[in-house]
Amino acid sequence: MIKKTLALLLLAGLIIYFVVGVVQDRLERNELIPADDLGTEVPFDEFGGADLEQGALAPDFSLETLSGDSVKLSDYRGQKVVLNFWASWCEPCKKEMPEMQNFYESLPEGADVEILAVNLTDKDDGLDKIQEFVEEYEMTFPVPLDESGNVSETYGVLAIPTTFLIDEEGRLQTQIRGPVDEEMLRELTAG
């Protein structure tokens, strides 16, 4: 009986190890989301390891930006926050960044909307590549660096780009897997 139990535990461990390895490999190669598809809204309890719920307070974090500034999510209470996760090698991220920048530049003065584009620094190709990406796409919104991967893990990010809309009270409203465009961002932040 003990041998059977140990064998089953070993088998379960190997299966879990294999599945996690495949998901991580696909994330690193960004195979989960085709570059030509637009993102889709995904329920919070689907596809991901985080225990996030719609309407719950977004997990707070504090990260440093490329310029050395500190960004703390809770400092943006009173504003809608478009929380985006990306990497410089990600083709769908390259597709969405000009759309995000156009949206950001078109916001009227005093709009209560902010974009935080969190770079998956622990999975990216170095700070030089990240800086090149930011310059190439002329990104003017804050770019926090998730150097440890803790924030992306907290948010259950298994595919990039992934975007969350957080309301003025700091509550999670929407989760989108795949690239967003300017029109989608307008719809998400309207009202």
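Structural remarks
- For segment 77-151: relative contact order, % (alpha-carbon pairs under 8 angstrom, 6 or more apart): 39
- Charged neighbours of LEU63, selected by a Cβ distance under 9 Å, balance to -2 (K, R count +1; D, E count -1).
- For the listed peptides 59-69, 180-190, 153-163, 94-104, a ranking on the average number of other beta carbons within 10 Å per residue, highest first, reads 153-163, 94-104, 180-190, 59-69.
- Rel. contact order, % - alpha carbon contacts under 8 angstrom, at least six apart, segment 93-191: 33
Every read-out reported here was derived from the displayed coordinates using simple, explicitly stated rules and does not represent laboratory data. Note that the structure is a prediction, hence the values are computed from the model and not measured. We place every Cβ from the backbone using ideal geometry, glycine too, and count neighbours over all the protein chains shown.
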